[in-house]
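Working notes, structure below.
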Amino acid sequence: EYYKISDLTRDACIFEEAKNVRLKVGIIDLSTLGKIEVTGPDTVEFLNRIYTGRFDEVKVGMTRYGLMCDESGVVVDDGIIGRLADEVFNLTTTTSGSDAIYKSMSRSIMEWGLDVAVTNLTSHFLAMNIAGPLARDVLQPVTDIDLSEEAFPYLALREGAVAGVPARVSRAGFVSKLGYEIHLPADGG
């Protein structure tokens, strides 16, 4: 899909959209991404077992990209893992994998006997990404979160309000050096 611009061809319209995000700002709906919260005393051990990276050193208020493989080393999912508190992590999963990942996580917790709880929040939160050189300029007037480089560095995660709605905001750059992934309660969209 694309936004039609006057008499431009489909390819030209898509090029203009991409150019606008690279030079100015763009927004995309990410609500279909899976959203899972993991809590409990064994959360870090659990994440270390299911993702390829280590999560011991992820500080509260920071994120890390996670790659999930099955027992044979085949990639089954990926997403952003953010630490909200010592024993609380917020994970995103691929759109098509959220239910299967949630079930797999639940099964692994039982098999390994870990003190961890997983909650599938996919339908409870909507998400969007605002990206491009002007992303901070667009978002700052509608949030109480300090978006300055010093207060909100790359890969940081913050909680605050966006347009008066409680939100979780991470700084991620998938299409631009500057981007924010915003998660809001579904009724706050």
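The values are calculated or read from the model by the stated rules, or taken from the named source; none is laboratory data. The structure displayed is predicted, hence computed values, not measured ones. Every residue, glycine as well, gets a Cβ built from its backbone with ideal geometry; the counts of neighbours run over all protein chains shown. SASA here: full protein model, heavy atoms, side chains in, ligands and nucleic acids out. Shrake-Rupley method; radii C 1.70, N 1.55, O 1.52, S 1.80 Å.
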message: With small (G, A, S) and over 25 Å from L30 (Cα atoms) as the only criterion, which of G66, G73 stands out?
response: G73
- prompt: Which ranges mark the strands (runs of 3 or more DSSP E) fully within segment 80-185 that have 1 or more residues being open to solvent by less than 30 Å² (accessible area, probe 1.4 Å) and of a type outside the set (V, I, T)?
  reply: 88-93, 125-131, 157-162, 165-171, 179-185
field: segment 13-43, subset outside any loop (DSSP other than H, G, I, E, B) and open to solvent by less than 30 Å² (accessible area, probe 1.4 Å), residue farthest from G173 (Cα to Cα)
entry: T43
query: How about segment 65-118: which of its residues are touching a residue at least 60 places away in the same chain (Cβ under 8 Å) and of a type in the set (F, W, Y)?
result: Y102, W112
statement: In the set V44, V38, V74, the lone residue that is modelled with pLDDT of 95 or more, out of contact with any strand residue (DSSP E or B) (no Cβ under 6 Å at 6 or more places or on another chain) and farther than 25 Å from S176 by Cβ is V44
message: Go through segment 49-64 and report how many residues are closer than 16 Å to V38 by Cβ and either without any contact (Cβ under 8 Å) to a residue 40 or more places away in the chain or open to solvent by 40 Å² or more (accessible area, probe 1.4 Å) (or both).
response: 10
task: Only residues in segment 4-15 that are closer than 16 Å to G26 by Cβ and of a type outside the set (D, E, K, R) count as the first member; pair them with residues that are open to solvent by less than 100 Å² (accessible area, probe 1.4 Å) and assigned to a helix (DSSP H, G or I), Cβ under 8 angstrom, at least 6 apart or cross-chain, and list the lot.
output: I5/A12; I5/C13; I5/E16
message: So, R49, is that one in a strand (DSSP E or B) and of a type in the set (K, R) or not?
response: no
